[in-house]
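So the structure is just underneath, and the comments pick up after that.
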Amino acid sequence: MKEHFVGMLLGTMVGDAIGLPVEGWDCVRMAEQLDRFPLLPRGEQELATAVLGLITGGKVAAGEARYSDDTQMAIGVAQILVEEGEIVPETLAQRFATNFQPWRGYGPGAYGVLDALKQGRPWDEPARQVFGGRGSYGNGAAMRVAPIGAFFWDSEVATIREQARLSSLPTHTHPHGIEGAVVIALAVAGVLRQVAEGADELDVAQLLGFIRSGTHDEIFLKKLAEVEGFLAAEPEPCVVAARLGTDLTATLSVPAALFAFLSRWDSLPDCILYAVRLGGDADTIAAMAGALAGAFHRSAAIPENWLAALENGPQGRDFVRTLAEGLYERWEAAPPRRLEVVGAE
Ligand code: F2R
Ligand code: MG
């Protein structure tokens, strides 16, 4: 299980890093560029790889693949779980502020909230005030929530929901922003439940059923039904992208990440590259899909050249691995409320 925890966090990081150079490209533009790549002369391929990074399959120098706010904030969530054994929103808000690196590419709302927290504002004020007091329904709470799904994989669904909700509050108070986090946390927990039962193959229907059982929002339930329909029909990636959505909001990105994983769960690289190919918020969709694929397959499934390319500074690849191992050790030493029979709900 330890290597599944590591896979979850390194999967987030590698998905984020691979998608980052093309964040904001639409699906059609992405397809044109990637399909053209193999036809380019060698020199032009090198130039394209310098811009597009690992997505081309070309060589990227060690430590050159940067991560963004997705990984930075997932690190904060994992750190609080290791230190506190549960999410304490005020402490998490302080950690987000301490870890805040403005150049990591935060969403506009989140940037303002973190800046305000850094200046000492009460932890729960800025998030409630953004977007005219409506709160953010961006995907920022969902993109960082995977460590909660791992740490609480064998807890009651209600606990997973509550921990995901609490982890959203420092930046995202809109119900859709929160529910996006709940859905991804449930998905990670559902994957690890299957792992614990010894599954070699993902039971897609069971995982979808588990996610549905803890999802309370009509829009997400409708999107889950669409995801299920696409699994049978397998439309072109750009049709999937157009129908499920690939933007910065939770309702229009979390379903695409789920589809990427559920349709390509058997290969971590295929899952991440497909998530990036959907376009739009590519780093975040690939980070969420990468967390799920990493949780299922373990970190060994991440290609060596991808791992080698990841940045490895003070909070880089090795730090992330050690943090994920610490998360597992914390779970093992002081287990959260366990289910008597796994999967009994
Ligand atoms: N910020 C970025 N990338 C820069 C944009 C790249 C490119 N141009 C593109 O279009 O893809 N990436 C990072 O931001 C996302 C996470 O965002 P987060 O933390 O949820 O931020 P925010 O600002 O709170 O929400 C994101 C956007 O959602 C819309 N929105 C949210 N709540 C709203 C509300 N109540 N009313 C209206 N709009 C709302 C806004 O457009 C927000 O800016 C990740 O992609 C991460 O990688
Ligand atoms: Mg993004």
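Every number here is computed from the coordinates shown, using simple stated rules; none is lab data. What you see is a predicted model, and the numbers here were worked out from it, not measured in a lab. For neighbour counting, all protein chains shown are included, and Cβ atoms are generated from backbone atoms with ideal geometry for every residue, glycine included.
What residue among R42, R317, R95 shows peak mean-square fluctuation when the chain is described by a Gaussian network model with Cα springs under 10 Å?
R42
Can you tell me the Rg and Dmax of segment 1-96, counting just the alpha carbons, in angstroms?
Computed over the Cα atoms of segment 1-96, radius of gyration and Dmax are 17.5, 54 Å.
Express in whole angstrom the spacing between the alpha-carbon centres of segment 1-67 and segment 149-174.
Comparing the Cα centres of segment 1-67 and segment 149-174, I get a distance of 30 Å.
Restrict the search to segment 128-229; then list the trypsin sites (Lys or Arg not before Pro) that DSSP places in a loop and that have at most 15 other Cβ atoms within 10 Å of their Cβ.
Those that pass, being in a loop and sparsely packed, are R134.
Any chance you could get the radius of gyration and Dmax over the Cα atoms of segment 237-311, in Å?
Rg and Dmax of segment 237-311, Cα atoms, are 11.8, 35 Å.
By the gyration tensor of its Cα atoms, with a ≥ b ≥ c the square roots of the eigenvalues, what is the shape of the chain: rounded for a/c under 1.5, prolate for a/b over b/c, or oblate?
Note, shape of the chain comes out rounded.
Calculated FRET efficiency, E201 and K222, Cβ-Cβ r, R0 25 Å, to nearest 0.05?
0.35
Please list, by residue number, every one of the GluC sites (Glu not before Pro) in segment 155-239 that is coil in DSSP and has at most 10 other beta-carbon atoms within 10 Å.
Passing both the DSSP loop test and the Cβ count: E201.
Could you tell me whether segment 20-177 comes out rounded, prolate or oblate from its Cα gyration tensor? Rule is a ≥ b ≥ c as square roots of the eigenvalues, rounded for a/c under 1.5, then prolate if a/b exceeds b/c, otherwise oblate.
Since a/c reaches 1.5 and a/b is larger than b/c, the shape of segment 20-177 is classed as prolate.
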